Amino acid sequence: MSGERHRRVIGRLTGAVAAVRRFTGMPSTVIRRFSYDEPRRRLRVTFTSGDVYDYEAVPPDVVEDFRAAPSKGRFFGPNIRDRYPYRRIEKAPRPH
């Protein structure tokens, strides 16, 4: 079941729709997964390196365009990175 369909089904069963939407399993060499907390407008991106960043004040329409983009990395660069306040929340362990 797709993530969006799963979220709608869960929403119907519980009477509420989750505030955080998760997107995984995307074909990207740069981005492993991302989630979006719409009430807070926070986009959390996990990169294939393992680093995790939060991007603040990201509008829902930008996240929807990101979700729909055939190349997540190509969309992310000019449309999200350095356009919204961000902070690294998890650094991937580096091999010695």
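The values are calculated or read from the model by the stated rules, or taken from the named source; none is laboratory data. These numbers were taken from a predicted model, which means no experiment stands behind them. Virtual Cβ from ideal backbone geometry, glycine too; neighbours counted across all protein chains shown. Side chains are part of the model used for accessible areas, which takes the heavy atoms of the whole protein and leaves out ligands, DNA and RNA. Shrake-Rupley method; radii C 1.70, N 1.55, O 1.52, S 1.80 Å.
Residues of region 38-59 that are under 17 Å from ALA19 (Cα atoms) and open to solvent by less than 40 Å² (accessible area, probe 1.4 Å): LEU43, VAL45, ASP54, TYR55, VAL58, PRO59. Taking strands (runs of 3 or more DSSP E) as the structural unit, those lying wholly within the chain and holding at least 3 residues that are at pLDDT 95 or above correspond to 31-37, 42-47, 52-55, 86-90. Residues in region 47-95 that are without any contact (Cβ under 8 Å) to a residue 24 or more places away in the chain and among the β-branched types (Val, Ile, Thr): THR48, VAL62.
If the condition is being within 16 Å of SER35 (Cβ to Cβ) and open to solvent by 100 Å² or more (accessible area, probe 1.4 Å), then region 61-87 contributes TYR86, ARG87.
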